[in-house]
1. Take A37 and tell me if it is outside any loop (DSSP other than H, G, I, E, B) and touching a helix residue (DSSP H, G or I) at 6+ places or on another chain (Cβ under 8 Å).
2. Would you please list the contacts, defined by Cβ atoms under 6 Å and residues six or more apart or on different chains, that run from a residue in segment 166-178 that is over 12 Å from S309 (Cα atoms) to a residue that is assigned to a helix (DSSP H, G or I)?
3. Where residues in segment 178-203 are outside any loop (DSSP other than H, G, I, E, B) and of a type in the set (K, R), which of them is farthest from the chain's Cα centre (by Cα)?
4. Test of understanding: among T69, T51, which residue is among the β-branched types (V, I, T) and free of Cβ contacts under 8 Å to residues at least 24 places away in the same chain?
5. Quick test for you: out of I228, I188, pick the one residue that is under 30 Å from M16 (Cβ atoms), touching a strand residue (DSSP E or B) at 6+ places or on another chain (Cβ under 9 Å) and of a type in the set (A, V, I, L, M, F, W, C).
Amino acid sequence: MFEFLKKPAYSIGIDMGDDNLSLIQLAQKSNETILLAGSSESRPGYIEAGTVQWQRWAIDAIKGIVGKTKFSGKNTVAAIPPTEVFIDHIKMPSVKNGQKTHDAILTKIKPKLPFDAADALLKFIPTEEDNCMVIATDRTKVDRHLAIFEKAGLQIKSLSVWPDALARSYIKFFGRRRNDLDAVVLLIDIGPNCTNMVICRHKNLLFAKSFPIGAAYTEKQHDTERLILEIDNSVRHFSSMYKKARIERMIFLSGKTVDVAIYTSIAKKLDMPAQLGDCMAAIRIPDPENMGVDRRGCNFSWATAFGLSLS
């Protein structure tokens, strides 16, 4: 009867985008990953993302999901929405006269920041070939998200970023072979209103980019072509920075939530091997009717939320 409670549970992963709120918790049983609990809720159309009304909706939505779903504990790993995260790729600056690397990087990206540099929370990741990925967000927006989670009764274990979450989903479900450890892969996650891409060498992030074009817009050929152009340009940018790294394949982490024809068009344009990475199909759902997740009717990707839970 209580066997299920003995399974080591991961944290609750919260993927809170501008338009959709997803909570998921995975658990591990031997070599099998199972769904412990999960649910999602879409932002009502009459509420504008980022407003006070949106914050109140998010608090109530989280409380409602947690109240009706069997999550284990309250430890949570969350991510700031891609629209509120600034990502840049630069050469690692040289540091002289006691200057801190953090300050040198902030000085270099300051003119590009869409918010006041004084309010920037910055993380930099040295990658390969003397390159660096810089991730920054506005401190006031971080505080806003922390307040939402606190008022919803959750305990924040950490705040993560979506590129790291996507990489974790890839590693757990699709990068488990020995030859995957050194392979450079392109991960593409197409959501309803945005597309996120990550290039990584297993757990090592190399490149990340988010585009405001998602599955809701790709029904029009023009928008599909725009998305393909954005991805192609980003891959070219990556290739110009990393002369020794060659992308071996791409993985579509949005799985079956997007028309396969779109994936085919992207793979054809980039001329590289591709595979479908359906995270939901990579786990076992012990009790589909009572888990709060509808695998069949889902029209968005769970890849980010999965990666956050695994953090």
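1. Values: outside any loop (DSSP other than H, G, I, E, B): yes; touching a helix residue (DSSP H, G or I) at 6+ places or on another chain (Cβ under 8 Å): no.
When the stated conditions are applied, A37 does not pass them.
2. F173/A282
3. Within segment 178-203, the first condition is being outside any loop (DSSP other than H, G, I, E, B), and the residues that meet it are 178-180, 184-190, 195-201.
Adding the requirement that they be of a type in the set (K, R) leaves 178, 201.
Numbers: R178: 24, R201: 16 Å.
It comes out as R178.
4. Numbers: T69 fails: free of Cβ contacts under 8 Å to residues at least 24 places away in the same chain.
Residue meeting the stated conditions: T51.
5. Working: I228 fails: touching a strand residue (DSSP E or B) at 6+ places or on another chain (Cβ under 9 Å).
Matching residue, one of I228, I188: I188.
Here, each number is a calculation from the coordinates, and none is a lab measurement. Note that this is a predicted model, so its numbers are computed, not measured. We place every Cβ from the backbone using ideal geometry, glycine too, and count neighbours over all the protein chains shown.
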